[in-house]
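*Asks:* My questions all concern the structure below.
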């Protein structure tokens with residue numbers, strides 16, 4: 001049983017949506033650098049948690065050198081807060097496409113990012129779905145889904161974590177825990193707390 005759990009974790013960790021990190025970093029930098037220059041000319045006032053600009057019903061798309069879509073980010077509203085240098089986005093939807101054409105899609109009620117996009121928090125009904133690698137069958141050929149109420153992304157360190165319950169599923173396989181951490185550099189995915197799993201038998205080839 002433990003060998004099967006480890007094997008499943010190894011497969012899931014390969015496809016953990018690390019591209020989500022770069023997507024939010026890029027989007028945040030673009031939004032902040034696109035701030036109207038007139039804002040810089042406003043006289044300094046005592047810091048207050050008030051937005052100095054906002055966007056509504058916006059979308060950001062990035063393309064590679066050949067003009068192919070790499071990523072897109074949608075939000076119902078984005079607000080920049082100069083006192084904390086954070087960007088808050090409501091109703092977040094994102095898609096990123098890797099070199100093989102595999103898609104990672106993510107949604108959440110809110111996202112809070114620092115000025116560089118290196119520290120991003122996804123809050124409320126967080127759902128991330130990753131396409132399976134081509135040529136796989138059975139559950140391995142099904143999308144991988146991560147669900148939680150919170151996901152904290154650190155793009156420079158290439159780490160993600162949540163202190164809240166998380167469910168990871170692929171086809172009829174399902175793993176859950178009270179918390180999760182992922183280190184992309186070390187390729188370590190860890191569930192802690194009350195860990196449970198449902199692993200269905202594979203059909204013989």
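The values are calculated or read from the model by the stated rules, or taken from the named source; none is laboratory data. What you are looking at is a predicted structure, and each value in this text was computed from that prediction instead of being measured. Cβ: placed from backbone, ideal geometry, glycine included. Neighbour counts: every protein chain shown.
*Asks:* Could you tell me whether any residue of the range 143-151 is in a loop (DSSP other than H, G, I, E, B), free of Cβ contacts under 8 Å to residues at least 60 places away in the same chain and closer than 19 Å to residue 105 by Cα?
*Replies:* Yes, the range 143-151 contains at least one residue that is in a loop (DSSP other than H, G, I, E, B), free of Cβ contacts under 8 Å to residues at least 60 places away in the same chain and closer than 19 Å to residue 105 by Cα.
*Asks:* So which residues in the range 90-105 are farther than 17 Å from residue 50 by Cβ and in contact with a strand residue (DSSP E or B) (Cβ under 6 Å, 6 or more places away or on another chain), if there are any at all?
*Replies:* Those that are farther than 17 Å from residue 50 by Cβ and in contact with a strand residue (DSSP E or B) (Cβ under 6 Å, 6 or more places away or on another chain): 91, 92, 93, 94, 95, 96, 97, 103, 104, 105.
*Asks:* Among the residues of the range 158-165, is there at least one that is closer than 17 Å to residue 106 by Cα, out of contact with any helix residue (DSSP H, G or I) (no Cβ under 6 Å at 6 or more places or on another chain), in contact (Cβ under 8 Å) with a residue 40 or more places away in the chain and buried (at least 17 other Cβ atoms within 10 Å of the Cβ)?
*Replies:* Yes, the range 158-165 has at least one match.
*Asks:* Go through the range 62-82 residue by residue and tally those that are assigned to a strand (DSSP E or B) and either crowded, with 17+ Cβ neighbours inside 10 Å or in contact (Cβ under 8 Å) with a residue 12 or more places away in the chain (or both).
*Replies:* 14
*Asks:* Look through 20, 31, 12, 69 and report the one residue that is modelled with pLDDT of 55 or more and within 30 Å of residue 190 (Cβ to Cβ).
*Replies:* The unique qualifying residue is 20.
*Asks:* Test of understanding: among 161, 157, which residue is within 18 Å of residue 181 (Cα to Cα) and part of a loop (DSSP other than H, G, I, E, B)?
*Replies:* 157
*Asks:* Taking the condition more than 24 Å from residue 69 (Cα to Cα), over 16 Å from the mean Cα position of the chain (by Cα) and surrounded by fewer than 19 Cβ atoms within 10 Å (Cβ to Cβ), does residue 115 pass?
*Replies:* When the stated conditions are applied, residue 115 passes them.
*Asks:* Moving on to the next point. Scan the range 97-113 for residues that are in contact (Cβ under 8 Å) with a residue 40 or more places away in the chain and assigned to a strand (DSSP E or B) and jot them down.
*Replies:* Scanning the range 97-113 gives 104, 106, 108, 111, 113.
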